[in-house]
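Taken together, the values in this text are just the output of simple stated rules run on the coordinates, not laboratory data. Given the structure is predicted, the values throughout are model-derived calculations rather than measurements. So basically every Cβ, Gly included, is an ideal-geometry build from the backbone, and we count neighbours across all protein chains shown.
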Amino acid sequence: MYLLMHKNYTPETLLQYVYKELPASEMAEIRRVLQIDSILAFEFNELCQSINMLTEVSMQPSDSSIEIIMEHSLETHETTF
């Protein structure tokens, strides 16, 4: 959490800023503060990098997982007939 001019900017607040989930006045204030506060700007950049890494993660099962599922499916199919 970072305190500037009696205003708390938590990681949650920065995340809401990234996803534009804050009122317009608060969005504008954070945008202004990010330009003048290097510590908050650093934290914001770290958050953005983390978000970018998460979006790059493949959400597909591995080949071995697919093979296990297919083998199980074949075994199940064979025992029902």
For this session: Quote the charge dipole size of the chain about the Cα centre in Debye, to the nearest 20; the model charges only the Cβ of Lys and Arg (+1) and of Asp and Glu (-1).
Result: 740
Exercise. How large is the helix-only mean residue ellipticity at 222 nm for the chain, computed as the sum of -39500 (n - 2.57) over DSSP H runs with n ≥ 4, divided by its residue count, in deg cm²/dmol to the nearest 500?
Worked result: -23500 deg cm²/dmol
Exercise. If the viscosity is 1.567 mPa s and the temperature 4 °C, what Stokes-Einstein diffusion coefficient in µm²/s follows for the chain when Rh is the Kirkwood radius over Cα pairs?
Worked result: 80
Exercise. Using a Förster distance of 35 Å, how high is the FRET efficiency between Leu15 and Glu71, based on the Cβ-Cβ distance and rounded to 0.05?
Worked result: 0.30
